[in-house]
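Sharing a structure here in structure tokens format.
The values are calculated or read from the model by the stated rules, or taken from the named source; none is laboratory data. Predicted model only: the values in this text are computed from it and were never measured. Neighbour counts are summed over all protein chains in view; Cβ atoms, including those assigned to glycine, are modelled from backbone coordinates with ideal geometry.
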Amino acid sequence: MTKLLALLPFLAVFCCPIASTAQAQAKILIVNSDNTVQKYQQVKDAFKVQMTPHAGRIIDFDVQQAGQPELLEKLIKDESPDLIYSIGSQAYQLATQFGGSKPVLFSSVINWQRFQRGGNSYGVANELSLSQELSLLRYVLPNLQRIGVIYDPHFSAERIADARNQCRELGLTLVEQTIDEDHPLEQHLDGLLDKIDVLWLIADPGVLADRATVEKIFTGSSEHKKPVYTYSDAFMNYGASLVVAADTPTMGRQAANMALAILQREPIKETVQTPAGSHITLNACQLGKLKKDYNADALDAVNQLLECH
Amino acid sequence: MTSKYPGILRRWRPRVAAVLSVLALITSIVTAATTETVFFYNPESSVDNFAALKAEFDDYLSAQGAYSFQPFSERGAFETMLADKAQGVYLLSSWHYTQLNAKTPLEARLVGVAKGELQQRKILSSKDLGSVSALPGATIAGAGSEDYLRSQLQQMLGAEYAALLPKIKLLSVPKDLDALMAVGFGVATAAISSESSLAKLAVINPKQHAQLKTLASGEKSFFLIAAVAKPQQGAEMPLLKVIETMQQQPAGGKNLKMLGLDGWKRIDTLDASLTKQLRLP
């Protein structure tokens, strides 16, 4: 036993290079749902830039281009990658279906909670933390303290409970309006808009049921001169004033850091990480029309600035 | 398409094409010679706002003369442009300026001003770590290129803790506030940010701010620098003047805010102790 203990420092010295060699030779398979989707391409590029110096080989598989998902099963059998990085929901589903016990890492999966996850599943979520979302609203539009939110309790009760706490911590007032079949949007929208400074549009399928509803919300907000703060650039065409979303390349870099930790068998505290980077679109033109000010000192944090031209 | 004179067209097509090519070449040379450009690259930020910067600065500069704005996301491309001594003004971080000056001589003419300050200090903040000695295995978030972040970290840790550097993972995020908040929700163990960004966090999220403590701090460095290639031609002076006076107009002031600045100060009006830091080598 004493001899064994005496050997430990030597074992430690020799084990480390073995571990790093294993990492350097690691084979990584990237499964992309669709290479033609720009956001998927961006996240993949950022992952590769961060990962290439540490990986032995990176293999690409594009689900759309391959046409037959079974080809992925064959590829995994033939190549036996050390880790599979899946981009998008379709890629993640296929990677878990054919990946067996291989570690599967995901990103760009909308609402990842709807998928069953095994012990070998890791990822970067697609949605920013509430804390970051609300802090950045406060940063860019500091004069708007009363935040209105419409939600369907069937879908968003938990999220709104979190938001209530976050708003309290940030010194903001959350003005809530629930809607469901018995309490339709039409009955409550004007009443809510009268009481608030800014409308926070969240990803609630009970609220964003169809295009007509979305248009109704934006038209009402514009008539009440209330800006809309939301989570996707898709709402810019409707007249959103501020959008804060997760920054795509940062998600790729986060995924690469997680991949390294998995390959090095480091303990991983959070198996699904919150996106760390934010992407801000500010519609200065719309805010001008609504006669609302924004924090000019926040302009260096803004990715896209829309002016009236 | 059919033509009344197909034979003539076919015979003249190569000649017409050649004349058009020559005309295009002449036009591009003339444009390059008469249009001065502001070249921009900042490794201290990862905010992908190049399209917005290009649109806003082009709008502003073109109203002042035959000027344009060219932002760069890649350090190599920016340095190639500089090595070719393209005519114009270079906006770059003081960290990059100091590094570049050894190989491509530049002369700093203006220094950025933010909230009355010419310089900023980068700090390392953490929620859970008690000291820098606990950094091995940590993920440190920060805004900017990995080169830049590693050099800042190296400076903060000094020789005493230099051996820790290879044991730290870096996560490049778009802006300081992202880095600080990443520590708040556990994606990063520590964050590199400016002191002023930490102060901003205190205003927008006091609880997260209260959880952070400063583990190390770096030396003060200048904000953005406006420089010209050496030897100076003198032709850049009108463009430099346009940049220097941007803060006097609302549109110019707004564009400066997009760079995180309130205005510019001329290098030749600074104290000698400060100027010394920029006249390298």
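Mind checking whether some residue in region B:88-108 is more than 24 Å from residue B:179 (Cα to Cα), small (Gly, Ala, Ser) and touching a strand residue (DSSP E or B) at 6+ places or on another chain (Cβ under 8 Å)? Show your work before the answer.
As a first pass, look at region B:88-108 and keep what is more than 24 Å from residue B:179 (Cα to Cα): B:88-91, B:97-108.
Okay, now just the ones that are also small (Gly, Ala, Ser), so B:88, B:102, B:108.
Cutting the leftovers down to touching a strand residue (DSSP E or B) at 6+ places or on another chain (Cβ under 8 Å) gives us B:88, B:108.
There is at least one residue in region B:88-108 that is more than 24 Å from residue B:179 (Cα to Cα), small (Gly, Ala, Ser) and touching a strand residue (DSSP E or B) at 6+ places or on another chain (Cβ under 8 Å).
Of the residues B:236, B:244, only one is over 27 Å from residue A:296 (Cβ atoms) and surrounded by 15 or more Cβ atoms within 10 Å (Cβ to Cβ); which? Show your work before the answer.
Details: B:244 fails: over 27 Å from residue A:296 (Cβ atoms).
Going through B:236, B:244 in turn, the sole match is B:236.
For (1) buried (at least 16 other Cβ atoms within 10 Å of the Cβ); (2) within 11 Å of chain A (Cβ to nearest Cβ); (3) in a helix (DSSP H, G or I), each residue gets a yes or a no:
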position	(1), (2), (3)
B:142	yes, yes, no
B:151	yes, no, yes
B:177	yes, yes, yes
B:183	yes, yes, yes
B:193	yes, no, no
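Return yes when residue B:163 is more than 11 Å from chain A (Cβ to nearest Cβ), surrounded by fewer than 24 Cβ atoms within 10 Å (Cβ to Cβ) and in a helix (DSSP H, G or I) and no when it is not. Give the derivation first.
Numbers: more than 11 Å from chain A (Cβ to nearest Cβ): yes; surrounded by fewer than 24 Cβ atoms within 10 Å (Cβ to Cβ): yes; in a helix (DSSP H, G or I): yes.
Here the answer is yes, as residue B:163 does meet what is asked.
Residue by residue through region B:57-96, note down the ones that are over 16 Å from the mean Cα position of the chain (by Cα) and of a type in the set (D, E, K, R). Write out each step before concluding.
Step one: list which residues in region B:57-96 are over 16 Å from the mean Cα position of the chain (by Cα), which gives B:58-68, B:83-87.
B:58, B:59, B:84, B:85 - these are the residues of region B:57-96 that are over 16 Å from the mean Cα position of the chain (by Cα) and of a type in the set (D, E, K, R).
Then there's this: Taking residue B:226 as the residue in question, decide whether it is closer than 16 Å to residue A:138 by Cβ and more than 10 Å from every other protein chain (Cβ to nearest Cβ). It would help to see each step written out before you state the result.
Details: closer than 16 Å to residue A:138 by Cβ: no; more than 10 Å from every other protein chain (Cβ to nearest Cβ): yes.
Spelling it out, it is not the case that residue B:226 is closer than 16 Å to residue A:138 by Cβ and more than 10 Å from every other protein chain (Cβ to nearest Cβ).
Further question on the same structure: Answer yes if at least one residue in region A:290-306 is assigned to a helix (DSSP H, G or I) and either more than 10 Å from every other protein chain (Cβ to nearest Cβ) or β-branched (Val, Ile, Thr) (or both), and no otherwise. It would help to see each step written out before you state the result.
Of region A:290-306, the ones assigned to a helix (DSSP H, G or I) are A:296-301.
When the remaining residues are screened for being either more than 10 Å from every other protein chain (Cβ to nearest Cβ) or β-branched (Val, Ile, Thr) (or both), the result is none.
No, the conditions are met nowhere in region A:290-306.
Further question on the same structure: Out of all the residues in region A:277-289, which are facing chain B (nearest Cβ under 9 Å) and out of contact with any Ser or Thr (no Cβ under 9 Å at 6 or more places or on another chain)?
Within region A:277-289, just A:280 meets the criteria.
Per-residue answers, yes or no, for (1) at pLDDT below 55; (2) in contact with a Leu (Cβ under 9 Å, 6 or more places away or on another chain):
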| site | (1), (2) |
| --- | --- |
| B:6 | yes, no |
| B:13 | yes, no |
| B:36 | no, yes |
| B:52 | no, yes |
| B:66 | no, no |
| B:85 | no, no |
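I need the full set of residues from region B:166-175 which are in a strand (DSSP E or B) and free of Cβ contacts under 8 Å to residues at least 60 places away in the same chain, in order please.
Just the residues of region B:166-175 that are in a strand (DSSP E or B), to begin with: B:169-173.
Result: B:169, B:170, B:171.
So which of A:250, A:213, A:219 is in a helix (DSSP H, G or I), within 30 Å of residue B:73 (Cα to Cα) and of a type outside the set (A, V, I, L, M)? Show your work before the answer.
Working: A:213 fails: within 30 Å of residue B:73 (Cα to Cα); A:219 fails: within 30 Å of residue B:73 (Cα to Cα).
Going through A:250, A:213, A:219 in turn, just one is in a helix (DSSP H, G or I), within 30 Å of residue B:73 (Cα to Cα) and of a type outside the set (A, V, I, L, M): A:250.
Considering only region A:99-125, how many residues are closer than 13 Å to residue A:246 by Cα and more than 14 Å from every other protein chain (Cβ to nearest Cβ)?
First pass over region A:99-125, keeping only residues closer than 13 Å to residue A:246 by Cα: A:107-110, A:124-125.
Next cut, more than 14 Å from every other protein chain (Cβ to nearest Cβ) only: A:108-110.
Of the residues in that region, 3 qualify.
Please enumerate the residues belonging to region A:219-238 that are out of contact with any Asp or Glu (no Cβ under 9 Å at 6 or more places or on another chain) and surrounded by fewer than 19 Cβ atoms within 10 Å (Cβ to Cβ).
Of everything in region A:219-238, those that are out of contact with any Asp or Glu (no Cβ under 9 Å at 6 or more places or on another chain) and surrounded by fewer than 19 Cβ atoms within 10 Å (Cβ to Cβ) turn out to be A:219, A:222, A:225, A:232, A:233, A:234, A:236, A:237.
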